[in-house]
Amino acid sequence: MPIREEDCVNVELKPMNAAERFYLPEVFKGMGTTMRHMAGAIGGSRRKTNRAMQYPEQRREDLPIEEGGLYKGNFRGVHRLNRDEEGRVRCVACFMCATACPAECIHIVGEESPWDDREKYPVKFDIDELRCIFCGMCEEACPVDAIELTPIYDVVGLSRQEMIFDKEKLLKVYDETIDDKPM
C-alpha cells in the first residue's frame, strides 16, 4: 500500500544563525565544562564524585535491606533454583521463565515427571549468567517460586562455559543461600 501525500508531514528546519554555523561558541562551552571538572579533580572538589571502590579488597556490604531482613527490590544477584520440602527441584518445567526472559538466557528441557504431584520436571535447566540482565522477570513469571535471585553478586568465571549455570550449579547456590531470605 503506497503512502498517501496527506499522511506525510514536512518538517522545516529552522535556519542556523551565524554563531551556530561557526560552532566555536559551543566548543568553548564544552571546553569550559571540561576545565571545571578537571579543576575540581585536581583541586579536590568538596562534593564526592568518585564513588568507585577498590574491589575485591573493598567489598560491597551495604546491600539495601528492609526491616525483617528482606532484600529490597532494587538489588538482584545471581540466580538459584529452589528445592521443595522433599529436596527435589521445585520447577515444574512450564517454560514461563524462559518465555518471560528478555535476554533469552534460560534454556529448559522438560520430561514427564516420575512423581505424582506434577506432570513435568526439568531434565536440563541452564542460565547463561553473562547474557542475563538481572531484570527479575523470570522470578516474577514462575508460578511455583522455583527460581529466585540471591544477594550474591561476586560470581567469577574464567571462561564463558563456567558462567553457564546448569541445574546442579543452581541447586548448589540454593544450598549455600538456604538461610538467606528471598527478595
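Every number here is computed from the coordinates shown, using simple stated rules; none is lab data. This one's a predicted model, so the numbers in the text were calculated from it and none came from an experiment. Every residue, glycine as well, gets a Cβ built from its backbone with ideal geometry; the counts of neighbours run over all protein chains shown.
Below are the figures for this structure:
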| quantity | calculated |
| --- | --- |
| Point-to-point label distance, Tyr23-Val11, nm (Cα→Cβ direction, 7 Å offset) | 2.2 nm |
| Full-extension gain in nm, Arg160 to Arg4, via 0.36 nm per residue minus C-alpha separation | 51.0 nm |
| Length-normalised contact order for the stretch 99-183 - Cα pairs under 8 Å, 6+ apart - percent | 28 percent |
| Which of Thr34, Thr177 has the fewest Cβ neighbours within 10 Å, and the rest in rising order | Thr34, Thr177 |
| Segment Tyr153-Leu130, extension gain: residue separation times 0.36 nm, minus the distance between their alpha carbons | 7.0 nm |
| Summed residue charge, Cβ within 12 Å of Met163's Cβ, Lys/Arg positive, Asp/Glu negative | -2 |
| FRET E, pair Arg88, Tyr55, Förster distance 45 Å, beta-carbon r, rounded to 0.05 | 0.75 |
| Ranked Tyr153, Tyr23, criterion: other C-beta atoms within 10 Å, fewest first | Tyr23, Tyr153 |
| Extended-chain gain in nm, criterion 0.36 nm per residue less alpha-carbon gap, Thr33 and Phe95 | 17.2 nm |
